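A quick write-up on the structure given underneath.
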Amino acid sequence: MYRTVLQRNGRSAFLVLNEYCGRSNTGLGVNVLSRRTIIDLSYSTHFMDFKGSSIPSSMKKLVVTKLSQNFRSAVSLQTVPVPTPGDGDLLVRNRFVGINASDINYSAGRYDPSVKPPFDAGFEGIGEVVGLGLSASAHFTVGDTVAYFSEGAFAEYSVIPAKKVVTMPAAKPEYLTMLLSGATAHIALRRLGDLREGETVLVTAAAGGTGQFAVQFAKKAGCHVVGTCSSDEKAGFLKTIGCDRPINYKSEDLAATLRKEYPQGIDVVYESVGGGIFDLSVNSLANKGRLIVIGFISGYKSASGLQPITGGTLPAKLLKKSASVRGFFLPHFLSDYRESLTEMMKLFAKGQLVCEVDRGDMDPEGRFVGLESVFRAVDHMYAGKNLGKVVVEVAPVVDSKL
């Protein structure tokens with residue numbers, strides 16, 4: 001069977017040439033295979049169907065309609081047609097999507113000023129393949145469970161290039177935690193941390209989506225790990241994943257604690273808060289210390305996206321200690337991505353990696369279910385209430401095996 005893609009009214013149709021073994025005589029003494037041509041326009045039967053269920057004609061998605069650091073103001077919930085995948089694409093029915101601090105930076109247009117609204121929101125999702133293009137069908141099939149790191153995840157259905165997805169064992173939110181949060185910690189510490197056994201590592205916002213991974217990877221490297229958090233509950237969680245010294249900064253003086261308990265300074269800081277915590281981290285560095293900036297969430301809601309720091313004295317402080325500040329932005333390290341994800345998946349399968357998920361069970365309005373709850377989930381994270389990676393359930397999980 002051969003298939004050739006035709007375009008009809010912007011949708012994909014498939015020309016199917018069926019060969020059968022009836023023979024015809026050409027009059028030249030040569031028998032050839034007879035052929036019949038069937039134009040099959042019911043592409044949904046072959047390429048857009050999941051367990052025999054129909055795919056709706058419309059869906060919901062979140063769209064950035066104006067640039068603003070106020071997520072609720074910038075983003076609207078819209079009903080649009082379900083898209084059709086192109087030749088190398090997959091149509092994924094999203095089951096879970098991940099919430100990231102950078103969602104606000106994206107809605108504010110800080111990553112690419114040339115991109116103007118409207119554009120789709122969200123960075124990561126996991127779900128089942130319910131449709132695919134011809135080229136994509138060489139490697140995937142309807143019913144496969146896949147996860148992806150790509151724009152436009154805040155939708156009931158997403159069209160994703162097949163080259164951007166990773167096959168997953170099941171549509172579990174734990175797998176989603178590794179795509180951005182886990183990969184950021186894994187690659188940043190490996191490429192920029194230069195961790196050595198016996199060193200002291202400070203992880204700020206340690207009980208958050210990426211902090212939980214930084215704690216575990218630093219501990220696996222044989223380091224003494226210090227983690228900041230905002231509650232005793234979070235401090236208790238940090239102990240369970242190997243944090244040697246959780247510090248609840250709401251009940252302890254963080255600066256005084258670091259000076260008293262770590263007088264020689266901190267060798268590596270995994271920093272995601274910014275502002276005053278950044279300044280404190282710089283002041284706490286040991287000789288030859290390394291501070292990795294993976295974010296500065298404390299300033300994202302401001303007009304500039306930044307909180308003030310004492311940058312004027314930074315060169316002198318770094319010079320005095322032969323220390324360094326290193327920035328990490330995951331898209332610049334995509335060559336490391338698949339190897340990193342593979343290693344994390346192996347650790348998780350062996351029970352050697354905790355992937356804590358916050359699905360909103362402690363939120364007053366209940367679990368984050370449906371795209372409408374993305375707004376609540378973003379607020380939940382920015383209020384510092386999350387324990388682990390914040391995840392929204394878009395649709396109920398079903399068995400993805402046909």
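The values are calculated or read from the model by the stated rules, or taken from the named source; none is laboratory data. The model shown is predicted, which means the values in this text are computed figures rather than measured ones. Cβ coordinates were reconstructed from backbone atoms using ideal geometry, including for glycine residues, and neighbour counts include every protein chain displayed.
The table below lists the values:
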{"item": "Residue list for the range 323-341, restricted to those being among the polar types (S, T, N, Q) and surrounded by 11 or more Cβ atoms within 10 Å (Cβ to Cβ)", "result": "Ser324, Ser340"}
{"item": "Count of the range 131-150 residues which are modelled with pLDDT under 95 and in a strand (DSSP E or B)", "result": "3"}
{"item": "Test for Arg259: is it crowded, with 19+ Cβ neighbours inside 10 Å and either free of Cβ contacts under 8 Å to residues at least 40 places away in the same chain or of a type in the set (Lys, Arg) (or both)", "result": "no"}
{"item": "Which numbered condition Ala303 fails, given (1) farther than 25 Å from Leu258 by Cβ; (2) of a type in the set (A, V, I, L, M, F, W, C); (3) surrounded by 12 or more Cβ atoms within 10 Å (Cβ to Cβ)", "result": "(3)"}
{"item": "Residue match in the range 66-78 (condition: within 18 Å of Pro161 (Cβ to Cβ) and either of a type in the set (S, T, N, Q) or without any contact (Cβ under 8 Å) to a residue 24 or more places away in the chain (or both))", "result": "no"}
{"item": "Residue satisfying condition, being assigned to a loop (DSSP other than H, G, I, E, B) and in contact with a Cys (Cβ under 6 Å, 6 or more places away or on another chain), within set Ala206, Ala170, Ala153", "result": "Ala206"}
{"item": "Conditions (1) of a type outside the set (S, T, N, Q); (2) at pLDDT 95 or above; (3) under 18 Å from Thr84 (Cβ atoms); number of the one not met by Gly122", "result": "(3)"}
{"item": "Identity of the residue in the range 342-360, among the aliphatic types (A, V, I, L, M) and within 16 Å of the chain's Cα centre (by Cα), that ends up surrounded by the fewest Cβ atoms within 10 Å (Cβ to Cβ)", "result": "Met345"}
{"item": "Which listed residue is more than 20 Å from Leu285 (Cβ to Cβ), small (Gly, Ala, Ser) and within 15 Å of the chain's Cα centre (by Cα), from Gly211, Gly152", "result": "Gly152"}
{"item": "Inter-residue pairs, beta-carbon under 6 Å, first in a helix (DSSP H, G or I) and in the range 370-388, second among the aromatic types (Phe, Trp, Tyr), 6+ apart", "result": "Val374/Phe154; Ala377/Phe368; Val378/Phe71"}
{"item": "When residues of the range 213-225 are limited to those that are over 9 Å from Leu195 (Cβ atoms) and in contact with a helix residue (DSSP H, G or I) (Cβ under 9 Å, 6 or more places away or on another chain), the one surrounded by the most Cβ atoms within 10 Å (Cβ to Cβ)", "result": "Ala214"}
{"item": "Given (1) in contact with a Lys or Arg (Cβ under 9 Å, 6 or more places away or on another chain); (2) surrounded by 15 or more Cβ atoms within 10 Å (Cβ to Cβ); (3) at pLDDT 95 or above, index of the condition Gly295 fails", "result": "(1)"}
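Conditions (1) in the same structural domain as Ala206 (by TED's automatic domain parsing); (2) over 21 Å from Ala101 (Cα atoms), marked per residue:
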site: Leu314; (1), (2): yes, yes
site: Met345; (1), (2): no, yes
site: Leu353; (1), (2): no, yes
site: Met362; (1), (2): no, no
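Residue by residue, here is whether (1) surrounded by fewer than 17 Cβ atoms within 10 Å (Cβ to Cβ); (2) assigned to a helix (DSSP H, G or I); (3) in contact (Cβ under 8 Å) with a residue 12 or more places away in the chain holds:
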| residue | (1), (2), (3) |
| --- | --- |
| Ala188 | no, yes, yes |
| Glu197 | yes, no, yes |
| Val201 | no, no, yes |
| Gly227 | no, no, yes |
| Glu233 | yes, yes, yes |
| Pro263 | yes, no, no |
| Val268 | no, no, yes |
| Val273 | no, no, yes |
